[in-house]
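The values are calculated or read from the model by the stated rules, or taken from the named source; none is laboratory data. Just so you know, these numbers come straight off a predicted model, no measurement behind them. Heads up, the Cβs are rebuilt from the backbone with ideal geometry, glycines too, and the neighbour counts pull from every protein chain shown. The protein model used for the area step is the full one, side chains on, heavy atoms only, and it has no ligands, DNA or RNA in it. Shrake-Rupley method; radii C 1.70, N 1.55, O 1.52, S 1.80 Å.
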Amino acid sequence: MLHIANEERAQAVHHLVDFVDPDRRYSVADFKKDAESKIKEILEKNKVPIIVGGTGLYVNSLIYNIHYNEVETDLEYRKTLENIDVKDLYKMAEDIDFEALKKIAPTDRKRISRILEIFFVIPLERLI
């Protein structure tokens with residue numbers, strides 16, 4: 001987590017900064033829920049929330065109202081994927097989501113594996 005100097009923090013009220021233990025899983029779905037709640041709270045006080053920092057994925061979830069389903073991580077399946085060459089993972093993912101792969105480097109093990117993890121966890125009828 002980003003650590004903002006105490007002097008800088010004293011200049012304005014900050015929310016959702018350094019509030020999650022680094023060992024805890026915190027997804028974009030978690031962030032969106034927490035941020036929307038905090039934004040509502042700020043607006044109810046007739047204040048203007050200013051959203052800064054974070055990754056584009058997190059900020060875009062708010063700006064464009066993108067909904068991300070919470071998908072549990074199967075740690076055993078993830079461990080299995082870790083033992084497969086990234087080129088082979090890429091080939092496996094091509095059959096699942098070729099469009100997403102166009103935006104992912106063929107060496108990006110983490111994102112390629114996530115495509116496979118999500119496909120493995122979500123029942124087929126929910127994908128259709």
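Structure notes:
- Residue that is nearest to N69 (Cα to Cα), among those in segment 85-118 that are open to solvent by less than 60 Å² (accessible area, probe 1.4 Å) and touching a Ser or Thr at 6+ places or on another chain (Cβ under 9 Å): E117
- Verdict on L81 being within 21 Å of R109 (Cα to Cα) and open to solvent by less than 80 Å² (accessible area, probe 1.4 Å): yes
- Unique match (being part of a helix (DSSP H, G or I) and either among the aromatic types (F, W, Y) or farther than 20 Å from I115 by Cα (or both)) among L16, L43: L43
- The residues of segment 22-62 that are at pLDDT 90 or above, of a type outside the set (V, I, T) and either open to solvent by 90 Å² or more (accessible area, probe 1.4 Å) or touching a Pro at 6+ places or on another chain (Cβ under 6 Å) (or both), listed by number, are K33, K40, L43, E44, K45, N46, K47.
- Long-range neighbours under 7 Å by Cβ, at least six apart or interchain, first residue touching a residue at least 40 places away in the same chain (Cβ under 8 Å) and under 18 Å from L57 (Cβ atoms) within segment 18-45, second open to solvent by less than 50 Å² (accessible area, probe 1.4 Å) and of a type outside the set (A, V, I, L, M): V28/S61
- None of E72, E76 is in a helix (DSSP H, G or I) and either touching a residue at least 24 places away in the same chain (Cβ under 8 Å) or open to solvent by 50 Å² or more (accessible area, probe 1.4 Å) (or both) except E76.
- For segment 29-37, the count of residues that are of a type in the set (K, R) and under 30 Å from I118 (Cα atoms) is nonzero.
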